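For reference, the structure discussed in these notes is given below.
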């Protein structure tokens, strides 16, 4: 007799002032995953449940969530506990609701997270990782959170391996993400592991996720990371590099865009962007090449569109920046195989 796989309970643990997108983004991803499975003649894989320390809670945008389930006394079915975040102003406030939730998390997940083959998983989004730390659940695991809260996480969980500048980190049954939209990325990653890459890609397409990020991606995009300044000339040069990284740029050409002397442009970049113009150019070219490879381009083609003179130059820059080679990324991005005929024919035109 063929039996259906047991549903996985996606249990959202919601605290006062929870970030609404931390809840809605991943929840929609799991909902759409079920719809795509049903359209292919498969049973739903996920069951959404929403719980909290009290039945009614206000979210970050003031919208109230009502009829929340009480925190369950035990996890009787395979459960992925999703701990969502709060705005930074509320994270430091250890209220009775936070204390009660941390105690519940410890009681329910401390032992399951240590088990060799546990059916349960802890998923933290944004500052939800800090709540997991207050619950004593991180131990020495690798984890991450929003970049503004990394030091606070290190203080709360000194034994944990806190990873900087990552969209999400998965360490066994613990999956943690950097925040807000990264909750969608980690949900898609978990859906892919449970239901296959093709289905996760279909969910991402339905959600109009332009670029599905992986655990290799930095939290802060190279297109944004050096732009927290107000200097117009530096922004002008950065805009020119981003719009045409393949151009044969040198300091003279960059200085002409910035309407300044070469040496003065170098000083402006270091003072305001914290990086030299040519190092900034290399970082943008590397990111453009990486995105091209992950979208199926060959290493030679990726080097060309990003502005490297050869794939050898790309390999050398890649090794200095990240280690390994672009061919490793190409192999990781390659699909396991073409979709089956049933997958092509049963995919819904729209599941929304």
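None of the figures in this text is laboratory data; all of them are computed from the coordinates on show. All figures in this text were calculated on a predicted structure; none of them were measured in a lab. Neighbour counts are summed over all protein chains in view; Cβ atoms, including those assigned to glycine, are modelled from backbone coordinates with ideal geometry.
Between residue 235 and residue 77, what length comes free when the chain is fully extended (0.36 nm per residue of separation minus the Cα-Cα distance, one decimal in nm)?
That works out to 51.6 nm of additional length.
What angle, in degrees between 0 and 90 and rounded to the nearest 10, separates the Cα long axis of helix 277-294 from the longest principal axis of the Cα atoms of the chain?
That helix lies at roughly 50 degrees to the long axis.
Quick one: what does P(r) look like for the chain with 20 Å bins over all Cα pairs, in whole %?
26, 51, 22, 1
In degrees between 0 and 90, to the nearest 10, how far off the longest principal axis of the chain does helix 197-206 point, with axes built from Cα atoms?
The answer is roughly 80 degrees.
Starting with the fewest neighbours, write out 123, 169 ranked by other beta-carbon atoms found within 10 Å of each beta-carbon.
So the residues, fewest neighbours to most, are 169, 123.
What list do you get for 286, 35 if you sort them by fewest beta carbons within 10 Å?
Fewest-to-most ranking of 286, 35: 35, 286.
So what's the back-of-envelope 222 nm ellipticity for the chain, counting only DSSP H runs of four-plus at -39500 (n - 2.57) apiece and dividing by all residues, rounded to 500?
After summing the helix terms and dividing by residue count, I get -13500 deg cm²/dmol.
Could you state the angle between the C-alpha long axis of helix 20-39 and the longest principal axis of the C-alpha atoms of the chain, as a value from 0 to 90 degrees rounded to the nearest 10?
Helix 20-39 sits roughly 80 degrees off the main axis of the chain.
For 311, 22, what ranking results if the residue with the fewest other Cβ atoms within 10 Å of its Cβ goes first?
In increasing order of surrounding Cβ atoms, one gets 311, 22.
Work out, step by step, the length gained on full extension between residue 208 and residue 253: first 0.36 nm times the residue separation, then minus their alpha carbon distance; give nm to one decimal.
This chain segment gains 12.5 nm when fully extended.
By how many nm would the segment from residue 56 to residue 327 grow when fully extended, if each residue of separation counts as 0.36 nm and the alpha-carbon distance is taken off?
92.4 nm
Calculate the FRET efficiency for residue 278 and residue 148 from the Cβ-Cβ distance with a Förster distance of 25 Å, rounded to the nearest 0.05.
Efficiency at R0 = 25 Å is approximately 0.25.
Test of understanding: express the Cα radius of gyration of the stretch 232-333 as a ratio to 2.2 N^0.38 Å, with N the residue count.
1.12
In percent, how large is the relative contact order of the chain, given Cα pairs closer than 8 Å and 6 or more residues apart?
14
Can you give the alpha-carbon Rg of the stretch 8-206 over 2.2 N^0.38 Å, where N counts its residues?
Taking the Cα Rg and dividing by 2.2 N^0.38 Å, one obtains 0.96.
Among 135, 201, 64, whose mean-square fluctuation peaks in a Gaussian network model of the chain (Cα, cutoff 10 Å)?
Of 135, 201, 64, the Gaussian network model singles out 64 as fluctuating most.
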